[in-house]
Amino acid sequence: MPFKRALFWLVGVGLLAVLCDQAIKQWILQGFRAEGPVISIVLAYNKGVAFSMLEFLGPWLKYLQTLLIVGMAVMILSQRDLLIQTYLAFGLILGGGSSNLLDRFVHGHVIDYVYWHYKFDFAVFNLADVLIDIGVGLLLLDALRQKLSKNKSLKAKDQHN
């Protein structure tokens, strides 16, 4: 895939992630709630990151997150081969991160709404968090695939010698 097409998909996936997450958050802010046996839709404000970590940073957290997102974008854009190979994963990560960052600037905290409560209570999270997790998972799977492919090549080379 050419660089320009990969860049198009990276930006497109990122924008779609932001639009979908923000649309759901607006729906939640307008009062939508649902109670289910496993998952409920609630309204929660998260002033930190995952599991409210780094909450002590207060308003400075949004600037740290901005730095991380800009740094990741610069890194991925400066490495064409990496972008071509991982545009979907980084599109999900950058889009999810940007949507949560937008919340921090607009609301002063992240809007969370998915509450898992079957057999154990879990942190309340949102679509952006799930998209970030999927993106990281895709990166890990790609790294594992590359490692297995490299090991297979080394084994074949050793058997040939």
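Points worth noting:
- Cβ-Cβ contacts under 6 Å between residues 6 or more apart (or on different chains), taken from a first residue in the range 116-139 that is in contact (Cβ under 8 Å) with a residue 60 or more places away in the chain to a second residue that is open to solvent by 50 Å² or more (accessible area, probe 1.4 Å) and part of a helix (DSSP H, G or I), are listed as ALA123/PHE51; LEU127/ILE24.
- Subset tally (residues that are open to solvent by 60 Å² or more (accessible area, probe 1.4 Å), assigned to a helix (DSSP H, G or I) and on the phi < 0 side of the Ramachandran plot) for the range 24-61: 6
- Each residue in the range 1-23 was checked for being among the aromatic types (Phe, Trp, Tyr) and open to solvent by 100 Å² or more (accessible area, probe 1.4 Å), and 2 pass.
- LEU88 vs. criteria in a helix (DSSP H, G or I) and either exposed (fewer than 14 other Cβ atoms within 10 Å of the Cβ) or over 16 Å from the mean Cα position of the chain (by Cα) (or both): no
- Qualifying residue in the range 93-115 (condition: open to solvent by less than 50 Å² (accessible area, probe 1.4 Å), closer than 30 Å to PRO37 by Cα, in a loop (DSSP other than H, G, I, E, B) and hydrophobic (A, V, I, L, M, F, W, C)): no
- Any pair with Cβ under 7 angstrom, 6 or more apart, that starts in the range 44-66 at a residue that is farther than 16 Å from ALA128 by Cβ and ends at one that is part of a loop (DSSP other than H, G, I, E, B) and small (Gly, Ala, Ser): LEU54/GLY48; GLU55/GLY48
The values are calculated or read from the model by the stated rules, or taken from the named source; none is laboratory data. As the structure is a prediction and not an experimental result, all values here were calculated from the model. Every residue, glycine among them, receives a Cβ derived from its backbone with ideal geometry; neighbour counts consider all protein chains shown. Ligands, DNA and RNA are stripped out before the accessible areas are found, and what is left, the full protein with its side chains, is counted by its heavy atoms. Shrake-Rupley method; radii C 1.70, N 1.55, O 1.52, S 1.80 Å.
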